[in-house]
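Visitor: Please find one structure pasted underneath; my questions will follow.
The values are calculated or read from the model by the stated rules, or taken from the named source; none is laboratory data. Computed from a prediction, not measured in an experiment: that's the story for all the values here. Ideal geometry is used to build each Cβ from the backbone, glycine not excepted, and the neighbour counts take in all protein chains shown.
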Amino acid sequence: MIAEILSTGEEVRSGAVIDTNAAYIAQCLEARGIEVARHLCVGDDVEKISDSLRMIAPGADFAVVTGGLGPTGDDLTADAAARAFGVNLRLDSKAMENVTEFFSRRNRKMSPSNEKQAWLPEGAEMLYNPTGTAPGFMLRFQRCCFFFLPGVPSEMVRMMHDAVLPRIARLRKDDRQVFAVRTLCVFGLPEPVIGERLAVPEKEFQGVRLGLRSVFPEVQVKLYGRAQDRAELEKNLDEAADRVCSIIGDYVFSGNGSSMETVVGNLLRAQNATLSVSESCTGGLISHLLTQVAGSSDYFLFSGVTYSNAAKIKVLGVSRETLDRFGAVSEQTAMEMAQGARRISGAVYAVSTTGIAGPDGGGPEKPVGTVCIGFAGPEEVVAWRYCLDFADRSRNKQVFAMKALDQLRRSLLNTRKRPID
C-alpha cells in the first residue's frame with residue numbers, strides 16, 4: 001500500500017510554520033505498514049492544489065491532505081478538490097451540524113462565514129471534527145482514497161485517530177499481512193556512524209526494514225516489520241533488535257522507544273533506590289526531565305540548581321579550597337556536588353553537572369562544551385569530564401543533561417565504559 005501526504009497553506013510553503021503535520025501523519029501510516037512515497041506542499045492556490053491532487057490520484061492508494069478547510073477566503077481545499085475531481089460543491093447537512101454544534105457547545109454565536117466549511121465536494125463523506133469548526137471529508141478518485149483534514153495540529157491528530165486510521169484499516173481488510181514498528185533508542189553515537197555500522201547485508205534483517213531518525217540528542221533506529229502472522233512478525237523483530245544491539249552495543253538505552261529518563265526511573269524503581277540531583281550548567285533540566293515521568297515521586301527526592309560558587313559552598317558543602325584549586329568546572333567539584341546532594345536528601349544515589357554551555361566562558365583547557373558529571377552512591381564517588389560542544393547553548397545543555405542521565409544509567413547497570421570522545 002502506497003500513501004502520499006499533501007500539506008497546503010502559505011505559512012507552511014514559505015517555512016514560516018514548520019510542517020509537523022506531515023511528519024506525524026507519515027509516522028502513523030508507516031507504523032501501520034503503509035509506505036509514504038512522497039510529501040508535497042503547496043500554498044493557498046486553488047489551481048496548484050487541484051494539480052497536486054490530480055498528480056497524486058493515479059499512483060497512491062491513500063492520501064492525507066491537511067489545511068485549507070477554514071471559513072476564510074484563502075481556505076481553498078474543498079473547492080480545489082471539487083475542481084480536481086470534476087464535481088460540484090454542495091451544502092452537506094452533517095457537516096453543517098458539525099459546524100453549528102461547535103458553537104452551540106460553547107454558547108457562542110456562529111458567524112455566517114462559517115457556513116463555508118460545510119460545503120463539500122459531491123460524493124464526499126464528512127469526517128467529524130470534535131475539537132474544531134472545520135469538518136474533514138473523505139473522497140475517492142481513481143485508485144486513491146483521499147482524506148482531507150484541518151491544518152490545526154491538535155484537530156488533525158484527533159481526526160487521524162478517530163476517523164482516518166479506522167477507515168484505512170477497514171479498506172485494507174483484504175491485506176492479510178501483519179506489521180509493526182519497533183523503536184530502539186541510541187545515545188552517544190552520531191547518526192552517520194550508526195548508519196555505517198548497520199550497513200550490513202539485508203538478509204541479516206529478514207522481513208524487517210531499518211530506518212534512522214534523529215531526535216536530538218538521541219538517534220532512533222526504527223524497525224519496520226511485515227509478516228504473514230503475528231508470531232513470525234515478533235520473531236523477526238526480536239532477531240533484528242538483537243542484531244542491532246550486538247552491533248551498536250550499550251549505546252542502545254531502550255528497546256521499546258522509552259525515553260532516557262523513563263529508563264533511569266525504571267532502574268531506580270527496580271532497585272527500590274532513590275535519587276537526588278545537583279545541577280549547575282544544566283540549570284534544572286535533568287530534574288525537569290526526571291519529573292516529566294509519571295510516578296517519579298517514588299524515587300526522586302531532591303534537586304538543587306547551585307549555579308554560583310557561593311551556592312555550591314553554602315547549599316552543597318563544596319569546599320572553597322576545591323573551587324580555588326580546581327575550579328567550578330572540574331571532576332573534583334562535580335564529585336563534591338554529588339556528595340552534597342546525597343547527604344542533604346538521604347538519597348541512595350546522586351548525580352551532578354558543572355560545565356560551560358557557552359557561547360562564552362571557555363578557554364584552552366576548558367573549552368565551551370566541557371561538562372563534568374559527578375556520581376555518588378553507597379560504594380563509590382566518581383566523576384567524568386567530556387567535551388560535547390554542539391555550537392549552541394540550548395543544545396549543549398540538552399546533551400549535558402542526557403549525558404548525565406546516561407552515566408547514571410550505566411552506573412545503575414554497572415556497565416560504565418570508556419568515556420566517549
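Conditions (1) crowded, with 19+ Cβ neighbours inside 10 Å; (2) polar (S, T, N, Q); (3) over 21 Å from Arg143 (Cα atoms), marked per residue:
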{"residue": "Ser14", "(1), (2), (3)": "no, yes, yes"}
{"residue": "Thr20", "(1), (2), (3)": "no, yes, yes"}
{"residue": "Ile25", "(1), (2), (3)": "yes, no, no"}
{"residue": "Leu40", "(1), (2), (3)": "no, no, no"}
{"residue": "Asp44", "(1), (2), (3)": "yes, no, yes"}
{"residue": "Glu47", "(1), (2), (3)": "no, no, yes"}
{"residue": "Ser50", "(1), (2), (3)": "yes, yes, no"}
{"residue": "Leu53", "(1), (2), (3)": "yes, no, no"}
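Visitor: Scan region 306-333 for residues that are touching a Gly at 6+ places or on another chain (Cβ under 9 Å), polar (S, T, N, Q) and not in a helix (DSSP H, G or I) and jot them down.
Guide: Passing the criteria: only Thr306.
Visitor: Return the residues of region 73-97 that are crowded, with 22+ Cβ neighbours inside 10 Å and either in a helix (DSSP H, G or I) or among the basic types (Lys, Arg) (or both); say none if nothing qualifies.
Guide: Within region 73-97, Thr77, Ala78, Ala80, Ala81, Ala82, Ala84, Ala95 meet the criteria.
Visitor: Among the residues that make up region 224-234, is at least one of them at positive phi and part of a loop (DSSP other than H, G, I, E, B)?
Guide: no
Visitor: Write out, first by first residue and then by second, each pair whose Cβ atoms fall under 8 Å of each other, whose residues are 6+ apart or on separate chains, and whose first residue, in region 331-343, is hydroxyl-bearing (Ser, Thr, Tyr) while the second is in a helix (DSSP H, G or I) and surrounded by fewer than 24 Cβ atoms within 10 Å (Cβ to Cβ).
Guide: Listed pairs, sorted by first residue: Thr333/Thr322; Thr333/Leu323; Thr333/Phe326.
Visitor: Something else now. Suppose we filter region 252-277 for residues that are within 13 Å of Leu413 (Cβ to Cβ) and of a type in the set (Ser, Thr, Tyr); how many remain?
Guide: Total meeting the criteria: 1.
Visitor: Go through region 51-80 and give me each residue that's under 32 Å from the mean Cα position of the chain (by Cα) and small (Gly, Ala, Ser).
Guide: Hits for region 51-80 are Ser52, Ala57, Gly59, Ala60, Ala63, Gly67, Gly68, Gly70, Ala78.
Visitor: Examine region 156-179 for a residue that is surrounded by fewer than 19 Cβ atoms within 10 Å (Cβ to Cβ), under 30 Å from Val263 (Cα atoms) and modelled with pLDDT under 95, and state whether such a residue exists.
Guide: Yes, because at least one residue in region 156-179 is surrounded by fewer than 19 Cβ atoms within 10 Å (Cβ to Cβ), under 30 Å from Val263 (Cα atoms) and modelled with pLDDT under 95.
Visitor: Which numbered condition trips up Gly70, out of (1) farther than 30 Å from Val215 by Cβ; (2) at pLDDT 95 or above; (3) buried (at least 17 other Cβ atoms within 10 Å of the Cβ); (4) not basic (Lys, Arg)?
Guide: Only one criterion in (1) farther than 30 Å from Val215 by Cβ; (2) at pLDDT 95 or above; (3) buried (at least 17 other Cβ atoms within 10 Å of the Cβ); (4) not basic (Lys, Arg) is unmet by Gly70, namely (2).
Visitor: For region 198-229, which residues satisfy the criterion of being of a type in the set (Lys, Arg) and either over 25 Å from the mean Cα position of the chain (by Cα) or at pLDDT 95 or above (or both)?
Guide: Hit for region 198-229 is Lys203, nothing else.
Visitor: Which of the numbered conditions does Met402 fail, given that it passes all the others? Conditions: (1) of a type in the set (A, V, I, L, M, F, W, C); (2) buried (at least 20 other Cβ atoms within 10 Å of the Cβ); (3) in a loop (DSSP other than H, G, I, E, B).
Guide: So the condition that Met402 fails would be (3).
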